[in-house]
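Just so it is clear, none of the values below were taken in a lab; they were calculated from the coordinates. Everything numeric in this text was worked out from a predicted model, so none of it was measured. Every residue, glycine among them, receives a Cβ derived from its backbone with ideal geometry; neighbour counts consider all protein chains shown.
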Amino acid sequence: MLIDITKFIHVLIAVSLLGCAVYCFALISSKNFLAKHLSTCYKINKIMLGLVLIAMLLGTLLVIPKHYTFHTAWIQAAYIFAGVLFLALLGLINILKKKKNIIQKRFWQAAYLFLIVILICVIRDAVTKTSFFL
């Protein structure tokens, strides 16, 4: 029962992360792009950073009870992708904190598109229980 609740929360967080990234991408891509949109995304990035850590923790708690090992290819890929996602979010937060690249809309679109692709890769690997990267 506890494993099912943990898995449910883990999946909910993964979908929330994808939704946050898509929301920021849509916000940046809007025709009325303003600097305040970046401040909204800055707050969302901080939330996403915490969600990534919680998702990694819950994923770690699910490995052994679900009879997997840490040597499973798609689990290793999930850790690598989560690490890349975490570092990318840290980088975006740092850039926003220093107020660099505020006007360059294409940079922010590419950054959030990268986050979306990473999240889709993690979710795809988890759903199919395979990885074409490792």
TODO: Under a cut-off of 21 Å between alpha-carbon atoms, report the lysines in cross-link reach of Lys7, not counting same-chain residues fewer than 8 places apart.
DONE: Lys66, Lys129
Task: the range 33-85 shape via C-alpha gyration tensor axes, a/c threshold 1.5 - done: prolate
Task: In order through the range 24-41: 3J(HN,Hα) via Karplus (6.51 cos²θ - 1.76 cosθ + 1.60), integer Hz, x for Gly, Pro - done: 5, 4, 5, 5, 5, 7, 5, 5, 9, 5, 10, 4, 5, 5, 5, 5, 5, 5
- [ ] Find the cysteines in the chain that fail to meet the 4.7 Å Cβ criterion with every other cysteine, and list them.
- [x] Cys20, Cys121
- [ ] Before rounding to the nearest 500, sum -39500 (n - 2.57) across all DSSP H runs of length at least 4 in the chain and divide by the residue total; then give [θ] at 222 nm in deg cm²/dmol.
- [x] -28000 deg cm²/dmol
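About its Cα centre, how strong a charge dipole does the range 27-134 have in debye, to the nearest 20, once Lys and Arg get +1 and Asp and Glu get -1 at the Cβ?
With Lys and Arg at +1 and Asp and Glu at -1, about 620 debye.
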- [ ] Compare Tyr68, Tyr23, Tyr42 in a GNM of the chain, Cα atoms joined below 10 Å, and give the one with the largest fluctuation.
- [x] Tyr68
Task: C-alpha long axis of helix 105-128 to longest principal axis of the chain, angle in ° - done: 10
Open item on the list: Here are labelled values, [x] -0.32, -0.63, -1.04; [y] -0.28, -0.56, -1.03; [z] -0.23, -0.49, -1.14, and one is the computed log10 I(q)/I(0) by the Debye sum over Cα atoms at q = 0.09, 0.13, 0.19 Å⁻¹ for what I pasted. Which one?
Closed with: [y]
